[in-house]
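The values are calculated or read from the model by the stated rules, or taken from the named source; none is laboratory data. What you are looking at is a predicted structure, and each value in this text was computed from that prediction instead of being measured. When we count neighbours, we look across all protein chains shown, and the Cβ atoms used for this are built from the backbone with ideal geometry, even at glycine.
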Amino acid sequence: MNDNEVLTALASLINNASSNKGISFDLAFNNFYSYSKLNCRPATLEYYNKIYRILKRTLDQLGIADTNQITKASYKVLETTFRSHGYKNSSINKFTDLLKMIFKVNNELEYINYNPVANIKKLRENPPEIEIISKTNMTKIMKYIDGLPKTYQYIRKKICLLLLKDTGVRINELLHLKTENIDIDNNTIYLEYTKTHDTRYVFFTDSTKLVLKEYIRIKPVPEEPYIDYLFINDKCTDIMSKHVIYHFFGEISNACGIEQSISPHKWRHTFITELVENNVNLTSIMKVAGHTEFNTTKKYIHQSLTNLKESILSIKK
């Protein structure tokens, strides 16, 4: 089906749409966004905005401006259009999930009186490959950060990296750490701010403890309301931006000649994979990683087996 045929079919579907009460998609998203502000963190809201911009661009291309122009049939045209643009099933599912949430909230708040996408099933996704930081690159990185100047800014960056390595926390969880929740003596951190809203404990090594102690000793004291946070910006006026960490990791990659990504989430993947390879109980891994679904943890078993296969076959060559 070419673009003209898609638009013709869609026009027919829209003309035959029922007399359902509808509103513009922009208004529907704003209603959903305002509702989400009550329950979601800034990072989640930012994600919704990003996904909606792509969704809205495609809706506009198809001439869909109001919610009453969405039917099960027109949704299939939307899905086909996403696929023609090169989006994989995993991405299409994200757009669909947002569409479902928009309709659900607006229906519950009685802005609209129907939900045509409530029972749309997710597309089958291929399990994503989990990329971890190789042992060779890990050695290069550790050697590099050991040679960094002993300034406050570099010690701050170094302890960020070491905590990501030791704990597998998400970057937003790292940046919202509070000094009062760090038990230096017992190498333990209580995570109060988490993606899932469920608190948990993580742990760090003795070598990281030495750097952490030094960082806390020289860290300037910001004013309220940021006085309790471990990582603050250079002006002591806010929590440190995640872009400082991304820039630092880019610096490391360039200096060490590392081509693979060493983004914060790669450290999380590496941390969890190491636990699996060291036969840590999956329930314990799920707890320390902050996974809410067991299947999320189980996918690391497959990755670990893949690594084991490659290691064995390389020896047999």
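Just checking, how many residues over segment 224-273 are buried (at least 17 other Cβ atoms within 10 Å of the Cβ), part of a loop (DSSP other than H, G, I, E, B) and touching a residue at least 40 places away in the same chain (Cβ under 8 Å)?
Qualifying residue count for the region: 5.
Could you check how many residues of segment 123-152 are charged (D, E, K, R) and either surrounded by 13 or more Cβ atoms within 10 Å (Cβ to Cβ) or touching a strand residue (DSSP E or B) at 6+ places or on another chain (Cβ under 9 Å) (or both)?
Residues meeting the conditions: 2.
Please find, within segment 65-116, the residue that is surrounded by the fewest Cβ atoms within 10 Å (Cβ to Cβ) out of those that are among the aliphatic types (A, V, I, L, M), over 25 Å from the mean Cα position of the chain (by Cα) and within 18 Å of N31 (Cα to Cα).
If we take residues in segment 65-116 being among the aliphatic types (A, V, I, L, M), over 25 Å from the mean Cα position of the chain (by Cα) and within 18 Å of N31 (Cα to Cα), then L109 is surrounded by the fewest Cβ atoms within 10 Å (Cβ to Cβ).
If I filter segment 208-220 for residues that are closer than 30 Å to K299 by Cβ and assigned to a helix (DSSP H, G or I), do I get at least one hit?
For segment 208-220, residues closer than 30 Å to K299 by Cβ and assigned to a helix (DSSP H, G or I): present.
Is at least one residue of segment 166-173 surrounded by fewer than 19 Cβ atoms within 10 Å (Cβ to Cβ), in the same structural domain as V288 (by TED's automatic domain parsing) and either farther than 21 Å from K235 by Cα or not hydroxyl-bearing (S, T, Y) (or both)?
Yes, there is a match, as at least one residue in segment 166-173 is surrounded by fewer than 19 Cβ atoms within 10 Å (Cβ to Cβ), in the same structural domain as V288 (by TED's automatic domain parsing) and either farther than 21 Å from K235 by Cα or not hydroxyl-bearing (S, T, Y) (or both).
For T199, are the conditions met, namely being within 21 Å of M286 (Cα to Cα) and among the polar types (S, T, N, Q)?
Judged against the criteria, T199 is a match.
Is there any pair linking a residue in segment 137-157 that is within 21 Å of F231 (Cα to Cα) and in the same structural domain as L212 (by TED's automatic domain parsing) to one that is surrounded by 13 or more Cβ atoms within 10 Å (Cβ to Cβ) and hydroxyl-bearing (S, T, Y), with Cβ under 9 Å and at least six apart or on different chains, and which?
Final answer for the pair search is I145/Y154; L148/Y154; Y152/Y215; I155/Y215; R156/Y215.
If I filter segment 208-223 for residues that are within 27 Å of the chain's Cα centre (by Cα), in the same structural domain as T167 (by TED's automatic domain parsing), farther than 20 Å from R170 by Cα and surrounded by fewer than 16 Cβ atoms within 10 Å (Cβ to Cβ), do I get at least one hit?
no
Among what's in segment 160-185 and is hydrophobic (A, V, I, L, M, F, W, C) and not in a helix (DSSP H, G or I), pick the residue that is nearest to I285 (Cα to Cα).
So, considering only residues that are hydrophobic (A, V, I, L, M, F, W, C) and not in a helix (DSSP H, G or I), the one nearest to I285 (Cα to Cα) is V169.
Take segment 99-128 and flag every residue that is among the charged types (D, E, K, R) and not in a helix (DSSP H, G or I).
Within segment 99-128, E110, K121, K122, R124, E125 meet the criteria.
What are the residue pairs meeting all of these: first residue in segment 285-302, first residue of a type outside the set (G, A, S), second residue surrounded by fewer than 15 Cβ atoms within 10 Å (Cβ to Cβ) and in a helix (DSSP H, G or I), Cβ atoms under 7 Å, and 6 or more apart or on different chains?
Short answer, once both residue conditions are applied: M286/F294.
Return yes when A28 is in contact (Cβ under 8 Å) with a residue 60 or more places away in the chain and crowded, with 18+ Cβ neighbours inside 10 Å and no when it is not.
Yes; evaluated as a whole, the condition is true for this residue.
Kindly indicate whether any position in segment 126-135 is polar (S, T, N, Q) and farther than 30 Å from C160 by Cβ.
yes
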